Amino acid sequence: MFYNFKLKCFLLIDLKLGKLTHQDVGQMDTYIRLYDEQRKGEDDNPTIGLVLCSEKSEAVAKYSVLADQKQLFSAKYLPYLPSEEELQRELQREREKAFKMLRDV
């Protein structure tokens with residue numbers, strides 16, 4: 001869990017191994033709802049979820065926001081957050097570095 005002071009919102013991150021499933025996104029939606037109910041202040045914007053998955057040959061990044069917040073997410077948050085594609089590239093780069101380090105050991 002992180003807090004973005006510029007956007008005034010919490011960011012929940014879930015790291016997964018394996019293929020991204022609809023259940024993973026649904027689980028993140030549950031986390032967002034619970035976090036907003038129990039922790040979010042009245043002056044905070046809605047919480048954002050981010051699921052990062054690492055498969056054998058692919059890295060996947062998926063933002064998760066509740067359905068009624070999608071318009072706010074696109075208009076207000078996306079200009080200040082990396083795109084899913086940028087996150088995928090960074091995750092893939094880090095995976096390749098980790099595998100290289102393992103091979104070198």
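The values are calculated or read from the model by the stated rules, or taken from the named source; none is laboratory data. Not measured: the values here are computed from a predicted model. Every residue, glycine as well, gets a Cβ built from its backbone with ideal geometry; the counts of neighbours run over all protein chains shown.
Got a number for residues in segment 1-45 being without any contact (Cβ under 8 Å) to a residue 40 or more places away in the chain and part of a strand (DSSP E or B)? Number satisfying all stated conditions: 10. Scanning segment 31-84 for residues that are modelled with pLDDT under 85, surrounded by fewer than 16 Cβ atoms within 10 Å (Cβ to Cβ) and either hydroxyl-bearing (S, T, Y) or under 14 Å from M1 (Cα atoms) (or both) yields S57, S74, Y80. Can we say D104 is of a type outside the set (S, T, N, Q), without any contact (Cβ under 8 Å) to a residue 60 or more places away in the chain and under 18 Å from L7 (Cβ atoms)? Answer is no for this residue. Each residue in segment 46-97 was checked for being more than 13 Å from the chain's Cα centre (by Cα), over 23 Å from Q23 (Cα atoms) and either in contact (Cβ under 8 Å) with a residue 40 or more places away in the chain or part of a loop (DSSP other than H, G, I, E, B) (or both), and 3 of them qualify. In segment 7-24 there is at least one residue that is charged (D, E, K, R), surrounded by 12 or more Cβ atoms within 10 Å (Cβ to Cβ) and farther than 30 Å from F99 by Cα. Residue count for segment 55-82 satisfying the condition of being in contact with a Leu (Cβ under 6 Å, 6 or more places away or on another chain) and of a type in the set (G, A, S): 2.
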